[in-house]
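Below is one structure, written out as structure tokens, with a few remarks after it.
The values are calculated or read from the model by the stated rules, or taken from the named source; none is laboratory data. None of the values given here were measured: they were computed from a predicted structure. So basically every Cβ, Gly included, is an ideal-geometry build from the backbone, and we count neighbours across all protein chains shown. Heads up: the accessible areas ignore ligands, DNA and RNA and are worked out on the full protein's heavy atoms, side chains in. Shrake-Rupley method; radii C 1.70, N 1.55, O 1.52, S 1.80 Å.
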Amino acid sequence: MPRDTTRRKCGTGEALRIGVVGAGISGLTFAAAMRRLSPATNVELYERDESATSRRQGYSLGLKGDAGLTVKTLDLYDLLAKEAITITNFVICDQRGARLLELPATGRVKRLTQRVRRQSLRHTLLGAISDTPIHFGMAGTGYRQNSDAIEAQFMNRQSVRTDYLIACEGVASPIRQQVIGDAKRYLGLTAIVGDAPIKIEHSLLEGGYFMSLGDDGSSVFCYRETDSIHLSYTVHVAEDALRTHTPAALLRRLQQATQAWHAPIPAVAIGIDPSTVVARGYYDKEPTTRVRDGRVCLIGDAAHPMCPFQGQGANMAMVDGLKLAQLFADLVARPAEAELNAEALERDIVSRGRKAVLASRRAAKQFHATHRFSQRVRNAGFRFSNTVIKIVHNMSAV
Ligand SMILES: Cc1cc2nc3c(=O)[nH]c(=O)nc-3n(C[C@H](O)[C@H](O)[C@H](O)COP(=O)(O)OP(=O)(O)OC[C@H]3O[C@@H](n4cnc5c(N)ncnc54)[C@H](O)[C@@H]3O)c2cc1C
């Protein structure tokens, strides 16, 4: 593994320059943490989108444990809490509505999940870095590493010289492509996703989330937003099979496939606004053994792209962003001969990433099992876990 021998620049009187490619969850968390921990460091973000609002941010994110603590460390908890919904229960059932597993909130901070709109999280993080430059319309394509600087390269033929380069451009990261060169893996699953601007009272919508598992290996994931209900129908299809479908055709498929499922799914499906409908293929990559190339570092989905069936990607991205910023703050605070030694962090990102990628892949497979026998074994496992959880819950309530 290449060892980083770059000296920090602070001792020379020059501020360290850090270029961040991608202003998503990991890039913004890193920048917000740098703003707080090392405000003199020169951090600049380069984002492919034309503006902070040019793309619909869609779904909400469940933040738990360490991501919640990251938000607290950045002093953003109160701002975000205003819009967050605390998840009190996550129910998994079959397509007839028989409950297989209920995961109630335990009250332990580490296990508590807060659901926030992706848009709100980005907005809050952007608010925390109002004086950090963000260059929009800059799609990164790669980098060149010289002895004294890194040259980040962009689609518009511009290039930027920086001391460190942080790759935060998500699952299709061109920088990861250059560092590792691996292909993404299609998991055989695509979701048709939409929002229904309707009000429905149903016990399954009370706790926060429910997921229903279909006999044919499909699934429905559903939750209530403040002004709508979000529904995601995941189905086994060949890669790109739904790419050319219009939103109306996608919605028809979703409605037909789930019309005989338990309430409130058919009613939510009928209420979906076609203008919100998209198809989203699920991908990941094999866990990597390195996330650095000298002064180039991958974090977030660029380091560990995974499918969302464990709800861990954004949580990991935020933790990566904070930990990397702590390392840089430490570097800046140390004497002139100090150098960034990111080996321990690299091991940490690699090891957490490996666990999360594989757990998410296993969950995707388990939820979307197509063979009747596998489904029976899975459901029996869920029911057993449910009994154990209820006993433990009742005992702790006494
Ligand atoms: C449907 C769904 C539900 C999810 N639910 C959860 C959940 O409940 N909990 C959870 O923890 N995670 C969840 N995730 C995962 C989570 O969204 C990601 O893991 C997280 O957004 C990763 O953050 P990131 O900063 O690495 O990438 P992103 O947030 O994807 O940000 C990447 C940024 O880089 C920009 N970009 C892309 N390419 C370039 C380029 N070439 N040059 C410059 N900029 C570029 C993009 O425009 C974007 O702004 C979910 C994901 C999906 C798809």
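A residue that is assigned to a strand (DSSP E or B), assigned by TED's automatic domain parsing to the domain that holds residue 55, open to solvent by less than 30 Å² (accessible area, probe 1.4 Å) and over 16 Å from residue 35 (Cβ atoms) can be found somewhere in region 122-140. Restricted to region 141-175, and to residues there that are within 11 Å of the ligand (Cβ to nearest atom) and in contact with a Ser or Thr (Cβ under 7 Å, 6 or more places away or on another chain), the residue that is farthest from residue 325 (Cα to Cα) is 155. The single residue among 97, 142 that is among the small types (Gly, Ala, Ser), in contact with a His (Cβ under 7 Å, 6 or more places away or on another chain), over 23 Å from residue 362 (Cβ atoms) and modelled with pLDDT of 95 or more turns out to be 97. Within region 38-56, identify whether any single residue is modelled with pLDDT of 90 or more and more than 28 Å from residue 153 (Cα to Cα), and answer yes or no. Among the residues of region 38-56, not one is modelled with pLDDT of 90 or more and more than 28 Å from residue 153 (Cα to Cα), which makes the answer no.
Of the strands (runs of 3 or more DSSP E) contained entirely in region 200-240, those carrying at least 2 residues that are within 17 Å of residue 94 (Cβ to Cβ), within 21 Å of the chain's Cα centre (by Cα) and aromatic (Phe, Trp, Tyr) fall at 208-213. Working only within region 298-321, note down all residues that are open to solvent by 10 Å² or more (accessible area, probe 1.4 Å) and outside any loop (DSSP other than H, G, I, E, B). Answer for region 298-321, where residues must be open to solvent by 10 Å² or more (accessible area, probe 1.4 Å) and outside any loop (DSSP other than H, G, I, E, B): 301, 313, 314, 315, 316, 319. Name the residues in region 361-376 that are within 17 Å of residue 102 (Cα to Cα) and either of a type in the set (A, V, I, L, M) or surrounded by fewer than 13 Cβ atoms within 10 Å (Cβ to Cβ) (or both), would you? Correct list: 363 only. In region 73-101, of all residues being among the polar types (S, T, N, Q) and in a strand (DSSP E or B), the one that is surrounded by the most Cβ atoms within 10 Å (Cβ to Cβ) corresponds to 89. Total residues in region 200-229 satisfying the condition of being under 16 Å from residue 254 (Cβ atoms), without any contact (Cβ under 8 Å) to a residue 60 or more places away in the chain and open to solvent by 10 Å² or more (accessible area, probe 1.4 Å): the figure is 2. Scanning region 360-392 for residues that are modelled with pLDDT under 95 and of a type outside the set (S, T, N, Q) turns up 388, 389, 390, 391, 392.
Mind telling me which of the residues 295, 376 ends up being more than 27 Å from residue 183 (Cβ to Cβ), away from the ligand (no atom under 13 Å from the Cβ) and either outside the structural domain of residue 75 (by TED's automatic domain parsing) or charged (D, E, K, R) (or both)?
Of the residues listed, the single one that is more than 27 Å from residue 183 (Cβ to Cβ), away from the ligand (no atom under 13 Å from the Cβ) and either outside the structural domain of residue 75 (by TED's automatic domain parsing) or charged (D, E, K, R) (or both) is 376.
The residues of region 323-354 that are open to solvent by 20 Å² or more (accessible area, probe 1.4 Å), within 16 Å of the ligand (Cβ to nearest atom) and under 20 Å from residue 39 (Cβ atoms) amount to a single one, 323. The requirement of being in a loop (DSSP other than H, G, I, E, B), more than 18 Å from residue 41 (Cβ to Cβ) and small (Gly, Ala, Ser) is fulfilled nowhere in region 337-355; no residue meets it.
Of everything in region 20-60 that is part of a strand (DSSP E or B) and within 12 Å of the ligand (Cβ to nearest atom), the residue that is nearest to residue 193 (Cα to Cα) is 60.
Looking only at residues in region 189-199 that are in contact (Cβ under 8 Å) with a residue 60 or more places away in the chain and away from the ligand (no atom under 15 Å from the Cβ), the one that is least open to solvent (accessible area, probe 1.4 Å) is 196.
Return the total of residues in region 253-294 being in a loop (DSSP other than H, G, I, E, B) and modelled with pLDDT of 95 or more. Even if it seems obvious, please write down each step before you answer.
Looking only at region 253-294, we keep the residues that are in a loop (DSSP other than H, G, I, E, B), and these are 259-264, 272-273, 277, 285-291, 294.
Keeping just the survivors that are modelled with pLDDT of 95 or more gives 259-264, 272-273, 277, 285-291.
Number of matching residues: 16.
Please work out if residue 384 is on the phi < 0 side of the Ramachandran plot, of a type in the set (A, V, I, L, M, F, W, C) and open to solvent by 90 Å² or more (accessible area, probe 1.4 Å). Break it down into steps so the answer makes sense when it comes.
Numbers: on the phi < 0 side of the Ramachandran plot: yes; of a type in the set (A, V, I, L, M, F, W, C): yes; open to solvent by 90 Å² or more (accessible area, probe 1.4 Å): yes.
So residue 384 passes the test.
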